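Here's the structure we're looking at; comments come further down.
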Amino acid sequence: MSSKMEILALILIIGVSNLDGAALDFRCDYTHNGSGWFKYHSESLTWHDARRLCLSEGGVLASPETDDIKATMMSHIETVIFVGYYAQTVQTTRYYSVDGTEIENSSCKYAKFGDDSLNNTSSVTESCVSMDLTGKLSMASCKEPRPFICYRADITVTVNDCGTTDPEYHYKEQTGKCYKLHTKRQAFAEARSTCQAEGGDLTVINGPNETKALQEIYDLYPEDQLFKSTGYVHTDFAIVGFLQSEKSGWNWVSVDGQPIKDAGFPDFAEHQPDNSNNNEHCGALFRKGNLNDVNCDTRYYFICEKNPEYTTNCSKMPKTASISAQ
Ligand SMILES: [Ca+2]
Ligand SMILES: [Ca+2]
């Protein structure tokens, strides 16, 4: 980072700490209520997948640990959800929250089960806990998918020069933007939501400088290392922000609606777009700096682009904290 960037980053941090008590979001897809941040996931996952997803978002699978948290959880749900309690082994009837608090020791009066729900020791699969619309807890199969809520307690946020706490966003001077290569693969639409939740979007390439910047991002994740850590073979390209659709007259356009040539995307690679299996309508960038068409429903690596002036709450930073990129 240049000394100019260091100074600007310092200004940014000072600016953030001067936000006068205004809560600074850590993700724009979470809402603040009472003591922390909540996100209701209406999609059903197994308990372990739900727990993993919450962790990957920087939170935990929510449990009704306090009156406040329980009230907020109940206001979010429309059906029976998983909570963060689970039995540590299949033989035990001692239940713990994801942060290790034993339910019976919890001061929370709500963290009690109904009359007979802890007596069923014969069923080894019933080691997770659900909460119904009335707030009552029950044992539940960990493997039967349910909606859930992720929670993060209030935090003091110090953002980096990309306006985020996420160290995987890298600032590139040649474009004044930040980029993250996501190594946890997602399909195009999901990848786009993830980028937006992080305060950006899928990368729109606005000229050769940006193609070069993205190649430098790729260089941070050499193909052999990437393959070693993920086991996924297509390490030579990642989804970026362009696609074709009926709406675009089957022309290739950026996610913000510009024809890709006007936006400044590079050319397609030789033999691309090949519309493989007659089903490739989403865009990707090869490491070598040209384009590929890929299946919109297949999970690939993807690259987000983020304006450093935008914090993860998707709103503009106050003027004193803004970064002049170049
Ligand atoms: Ca761009
Ligand atoms: Ca292709």
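Given a Förster distance of 22 Å, report the FRET efficiency between K261 and Q174 from their Cβ-Cβ distance, rounded to the nearest 0.05. Display every interim value, and only then the final one.
Working: r = 21 Å, r/R0 = 0.94.
Once rounded, the FRET efficiency stands at 0.60.
To make sure I understand, if each residue's beta carbon is the centre and we count other beta carbons within 10 Å, what order do V204, V129 fall in, fewest to most?
Sorted ascending by nearby Cβ count, the order is V204, V129.
Could you pull out the pairs from K180/K212; K39/K180; K177/K261; K247/K288 whose alpha carbons sit more than 18 Å apart here? Walk me through the intermediate numbers first.
On the way: K180/K212 14 Å; K39/K180 23 Å; K177/K261 20 Å; K247/K288 30 Å.
Over 18 Å apart, Cα to Cα: K39/K180; K177/K261; K247/K288.
Taking every Cα atom in the stretch 170-307, find the radius of gyration and the maximum pairwise distance Dmax, and write them in Å.
Cα only, the stretch 170-307: 13.7, 40 Å (Rg, Dmax).
Provide the gained length on full extension for the span L133 to H234, in nm with one decimal, where the gain is 0.36 nm per separating residue minus the Cα-Cα distance. Could the numbers behind the result be given before it?
Numbers: separation 101, 0.36 × 101 = 36.36 nm, distance 4.40 nm.
Working it through step by step, the gained length comes to 32.0 nm.
If R₀ is 45 angstrom, what is the calculated FRET efficiency for the pair N33 and K212, using the beta carbon separation as r and rounding to 0.05?
That pair, N33 with K212, gives E of 0.55.
Quick one: putting +1 on the C-beta of Lys and Arg, -1 on the C-beta of Asp and Glu, what dipole do you get for the stretch 170-307 around its Cα centre, in Debye to the nearest 20?
On the way: 14 positive and 20 negative charges, 73 e Å.
Dipole about the Cα centre, nearest 20: 360 debye.
Based on the Cβ-Cβ distance from D274 to Q225, what FRET efficiency comes out when R0 is 22 Å, to the nearest 0.05?
Between D274 and Q225 the formula returns 0.20.
Could you list, bin by bin from short to long, the percent of Cα-Cα pairs of the stretch 157-210 in 5 Å steps?
4, 17, 28, 24, 18, 7, 1
Among H271, N292, I205, whose Cα sits farthest toward the positive end of the charge dipole of the stretch 170-307 (+1 at Cβ of Lys/Arg, -1 at Cβ of Asp/Glu, about the Cα centre)?
I205
Coordinate-derived values only; no laboratory data. In this text the structure is predicted, and so the values were computed from the model without any measurement. Heads up, the Cβs are rebuilt from the backbone with ideal geometry, glycines too, and the neighbour counts pull from every protein chain shown.
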